[in-house]
Structure formats: C-alpha cells, structure tokens
Amino acid sequence: MNIAIIGTGYVGLVTGACFAQAGFNVTCLDKDLHKIALLRQGRMPFHEPGLEALIAEGQASGRLSFQSTLEPDLSLERAEAIFLAVGTPTGPDGRAALADLLECAGLLARTLTHGAVIVIKSTVPVGTCEQVRSTLETQSPFIPPPRFTVASNPEFLAEGRAIEDFRHPGRIVIGCDDAQACRVLRTLYAPFDPDGSRTLVMDVRSAEFAKYACNAALAARISMINELACIAGQLAVDMRAVCKVLTSDPRIGRHYLKPGAGYGGSCLPKDLRALIAMAQDHGEPAYLLHSVETVNTGQCERLLDTLRACMAYDFKGRCVALWGLTFKADTDDMREAPSLALAHGLLEAGARVQAYDPVAGQSAQALLADPMFEPCADAYRACEGADVLVVMTDWEEFRRADFARVAERLSLSLVFDCRQIYEAASLARHGLRHLEIGQRPPAAASRPFIDALQSAV
Ligand SMILES: NC(=O)c1ccc[n+]([C@@H]2O[C@H](COP(=O)([O-])OP(=O)(O)OC[C@H]3O[C@@H](n4cnc5c(N)ncnc54)[C@H](O)[C@@H]3O)[C@@H](O)[C@H]2O)c1
C-alpha cells in the first residue's frame, strides 16, 4: 500500500520509518525544505535513538522517500492513506492552534482528484476531524468533490524510545465512522498488532478525546506526586520510602510516581491547556485540571526557592551547574523543558548558569542568550567554579557520574538531584550532600553548611 505522511517531525518521521520497515511504500512530506534536504542526504533533523539507521534502511529498500509539500509530486495522488502529523501547539488563547493542520487540509483539497483516507495523527481537539473533512469538501475545486474520509489515529509514542513504542504499542486507537477507513488502518497496523488485541476501534470524537484523557491522567499523577513530596518534605518524611509503598499497590501502579521538576515537553503542558480550553468552551470548570497545572507551574518556583535558601537568599555572584537541558533523557527536544524555566529564573535572579547536556548544549545557547549562561562541552566543566549542581535530566551518563570529580569542583558540595537518580550515601562518601525535590535545603538545617557557604563567599 502507498501512504503519505505530512509533517516530518518527531511523530511523522518515526511513523513513516516504521511503516516503511513493515513493508509499506511511504512518502514523508514537510514544508521545511531544509529538513527534507537533510533527510534526503541521510542526515537527521533531530535526535531519536535508532531512527537514523531505520531511515537509512527504508531509503535503501526504496520504500521510504522524502518530498517537500512546496514541490508537489504524485505521492499524494497515489496514496491510499494520508497521515497528518503536523504540530498543534498552544495558540494565544490556550486552545490548540490548528493553522498547520488546516493548511494541510487546504493542500489536499486542491491536490486530490480522488477520494482518500485522511488520518489525523496530530493531537487535536474533539471535532477537528469533522472540521478537516468539511475544509476538504468546501475547498476542493473539483465538482463534485471527491469522497474524503477523515479518521483519528492519535499517537502515544514517547520521544527517546519512539521506535520501540511504535513497533510495540500498548494500544492502537482508531477512530473512524467509515468501514473502508477502518479496514485501511487495520491493514497498516497489522504488522504491529498481529492478533488485533491491542487495537481499540471507536468513533472519531472519542478517539480524539482519548489522547487528551491519557495525557491529563499522566500530568495529574506527576503533579500529585510532586505535591505529596513537598508536603512530605515539610514533615521530615522519607518520600522514597513512601513511593515504594505507593508503587507496591497494583491499584495505583508503578509509573509516573517519582517526584521531579514537573512535567514539560511538547505534549503534556500544551495538551492540558487545550483540554482545559475544551472544557471551558462547554461550561465545565475542570477544577482538577487547573490544579494539576498550578502545581506544575509552581514546581519551578519551588526549585528556585530551594536553591535560593541554599545560597543564603542571594544569587548574586553565585554559579549553578545544570546537568540536562532537554525535557527528558534521550531526546534533543527542549520544548517547555523545566530546565529552561529554571535557568531563566536563575539568570533573572543574578546567578551564573553553567550547563551541560549530551545533545542539546548548542541549541540551548539560542534559547538562553544571556552572557551569564554558558553551555559547557562536558559535565565536569559545568561544575568548575560552581557552587551547587542541579541534575535536571536522567541521561545515562549522569547516573555513572564520577562524584570525586564533581566534589572537587563544587564550592558548596551540594547536589540537587531532581530525578532521584543518586543515593545520598554514595554522594556522602565524596563529601557531597544530596538534596531531593521536597526536601528542605541544608542551609536551613545545618551549621556546617552555613559555614561552608560563608567561607565560599
Ligand atoms: N512529540 C511527541 O512525543 C508526540 C507524541 C504523541 C503525539 N504528538 C502529537 O503529534 C503532533 C506532531 O508532533 P511533533 O512533535 O512530531 O511535531 P514537530 O514539530 O516535531 O513536527 C511537525 C512537523 O510538521 C511540519 N509542518 C507544519 N506545518 C506543515 C504544513 N502545512 N505542511 C507540511 N509540513 C508542515 C513542520 O515543519 C514539522 O517538521 C502534535 O500534534 C503532537 O501533539 C507528539
């Protein structure tokens, strides 16, 4: 089967490469000419483990090709299914901005002389598939317009393990009101779910909503555990012990229950905002979703407060080493990364920030253009002359850090472990103090720490 995918980003490119490997003929299209040129040369526009090899395999097999939407070819005409995987970022009013998606609908309306199954893979508000179908029909210059079917097929992959997630999905959601569209999508996903047990077929609107429901549930867990950690910290409770109790309950489950710097990335924050807007448009107050957001936006302020207390309430002349800039490990995506919010807050308060990230150091420079911000070439260079180290992302190399080298470099001998990747005892062997989300900063409790702080001034 020939398929086309418009939007060659984190989702579209992985989807295209995986479908090509499964034996389908795939054309990935994008309006970004630079991206298409890079991909045609076998070069990657972003970091995703395993994707470069998969793309090379697809190109070598002749089943994967790249095309600009600005240079029309026959790939759209030939495609039996056309996936739309363009971005749906937050618009100025908090709603999902659909301009890119509707631009694609306009392109398809002008291009397609025959009917096709249009599959919306982007995360979109309820009713968008219907809006796309009506755009296709009203903008088609052909009389009568071809018969378009628009199906919803939200994506659940996570960056950093996107290929694994796509090939072995927890579930495949197909939202369609048309038997032919359903058959096409079942055929496409059969290689990834041979017995069909993980494929959930429903109406279009429910499929659109299901994606928001999942992201709201994940965001709520994160905010809940972060709030619990902060309360626990005030009560001198060991939150790691509490987490073991929580996660041992099968009704609660194991995932997304680690206190941290708050959720970020290109999905959870914007999807929560879009869901709240959808609720409000329909007169639903969405009290819980608002609280989830409030806890999350307050999390960065809490991190800053903790660091401020560590620095005797004055960031002037202080330097913070930051490890990890992306919103999570194994991706170069810095959209709404908590580390950026923290770095901005530190810089605004007068601190210097020396940051290291295994893949995103250079792009961070553009996002944090400030003379007091220095992206560093390696993790230990970032600690050189810094007072404290804040670990924001759990990249594998941070787990294997050489604490002796860290300890030599930090004047206040403090590691703020926002990912719970270290044990206090291993750090203590090197004279380093360990601080986690919710825990009270040592300056508030310990005389030796205050002495160290003063002698470091
Ligand atoms: N990134 C994720 O982890 C993830 C996971 C699940 C769902 N999603 C959803 O998938 C969608 C895509 O996300 P992404 O992270 O892949 O976005 P992205 O920003 O990485 O990629 C979007 C691509 O679409 C292209 N594009 C935009 N308008 C276009 C147009 N009119 N014609 C052709 N190309 C166009 C852009 O140039 C870009 O390359 C979003 O709705 C997102 O919420 C993302």
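The values are calculated or read from the model by the stated rules, or taken from the named source; none is laboratory data. Since we're looking at a predicted model, the values are computed, not measured. Backbone-built Cβ (ideal geometry, glycine too); neighbour counts: all protein chains shown. The area values use the complete protein model at the heavy-atom level, side chains included, leaving out ligands, DNA and RNA. Shrake-Rupley method; radii C 1.70, N 1.55, O 1.52, S 1.80 Å.
What the phi angles of the stretch 25-39 give under the Karplus curve with 6.51, -1.76 and 1.60, with θ = phi - 60°, is a coupling list of 8, 10, 10, 9, 10, 8, 8, 7, 5, 4, 4, 5, 4, 4, 5 Hz, glycine and proline written as x. A 1.4 Å probe run over the chain, with the rest of the protein chains in place, finds 44 Å² accessible per residue.
Across the chain, the mean sequence separation of Cα contacts (distance under 8 Å, 6 or more residues apart), normalised by length, yields a relative contact order of 11 percent.
Remark: the stretch 298-347 carries a charge dipole of roughly 220 debye about the Cα centre, counting +1 on each Lys and Arg Cβ and -1 on each Asp and Glu Cβ. Between the helical axis of 268-281 and the longest alpha-carbon principal axis of the chain there is an angle of about 60 degrees. With kT/(6 pi eta Rh) evaluated at 37 °C and eta = 0.692 mPa s, and Rh the Kirkwood radius from Cα pairs, the stretch 2-202 diffuses with a coefficient of 193 µm²/s according to Stokes-Einstein. For a label point 7 Å from the Cα of Thr294 along Cα→C-beta, name the residues of the stretch 228-262 whose backbone N is under 16 Å from it. What the label zone holds, given the 16 Å backbone N cut-off, is 228, 231. Between the amide H of Ala96 and those of Gly91, distances stay under 5 Å, these residues lying 5 or more places away or on another chain, with hydrogens modeled in the peptide plane. Each label point was placed 7 Å from the Cα along the Cα-to-Cβ direction; for Lys316 and Glu164 their separation is 4.9 nm. Taken about its Cα centre, the stretch 2-202 carries a charge dipole of about 200 debye when Lys and Arg each add +1 at the Cβ and Asp and Glu each add -1 at the Cβ. For the chain, carbon and sulfur atoms together expose 53% of the accessible surface, with a 1.4 angstrom probe and every protein chain in place. Is the C-alpha gyration tensor of the stretch 295-334 telling us rounded, prolate or oblate? Criteria: a/c under 1.5 is rounded; beyond that, a/b larger than b/c is prolate, otherwise oblate. It is oblate, given that a/c is not under 1.5 and a/b is not larger than b/c. The packing ranking, built from the mean of other Cβ atoms within 10 Å per residue, places the peptides 331-338, 319-326, 421-428 in the order 319-326, 331-338, 421-428, highest first.
What is the stretch 6-159's relative contact order, in percent, from Cα pairs under 8 angstrom and six or more apart in sequence? Relative contact order comes out at 22 percent. Mind running the shape call on the chain? Use the C-alpha gyration tensor, a ≥ b ≥ c as the square roots of the eigenvalues: rounded below 1.5 for a/c, prolate if a/b tops b/c, oblate otherwise. Note, shape of the chain comes out prolate. To the nearest Å, what is the center-to-center distance of the stretch 65-126 and the stretch 368-405, using C-alpha atoms only? Centre-to-centre distance over Cα atoms comes out at 41 Å. Between Ala279 and Ala428, the FRET efficiency from the beta-carbon distance, with R0 = 51 Å, is close to 0.60. Between the alpha-carbon centers of the stretch 213-240 and the stretch 265-328, tell me the distance in whole angstrom. Between the Cα centres of the stretch 213-240 and the stretch 265-328 lies a distance of 13 Å. Across the stretch 1-71, Cα-Cα pairs farther apart than 15 Å form 42% of the total. Once Rg and the Kirkwood radius are both taken over the C-alpha atoms of the stretch 152-285, their ratio Rg/Rh works out to 1.05. For Lys121, the lysines whose Cα comes closer than 18 Å to its Cα, not counting residues fewer than 8 places off in the same chain, are Lys31, Lys211, Lys270.
Taken over the stretch 212-294, the percentage of Cα pairs per 10 Å bin, counting from 0 up to the bin with the maximum distance, is 17, 44, 29, 10, 0.
Report, by chain and number, residues whose modeled amide H sits under 5 Å from the one on Ala151, excluding near sequence neighbours (fewer than 5 apart, same chain). Close amide H contacts, sequence-distant or interchain: Ile118, Val119, Ile120. Taking the Cα centre of the chain as reference, the dipole from Cβ charges on Lys and Arg (+1) and Asp and Glu (-1) amounts to some 640 debye. Across 5 Å bins from the origin, how do the percents of Cα pairs in the stretch 299-456 run, short distances first? Result, from short to long distances: 2, 10, 21, 25, 22, 14, 5, 1, 0 percent.
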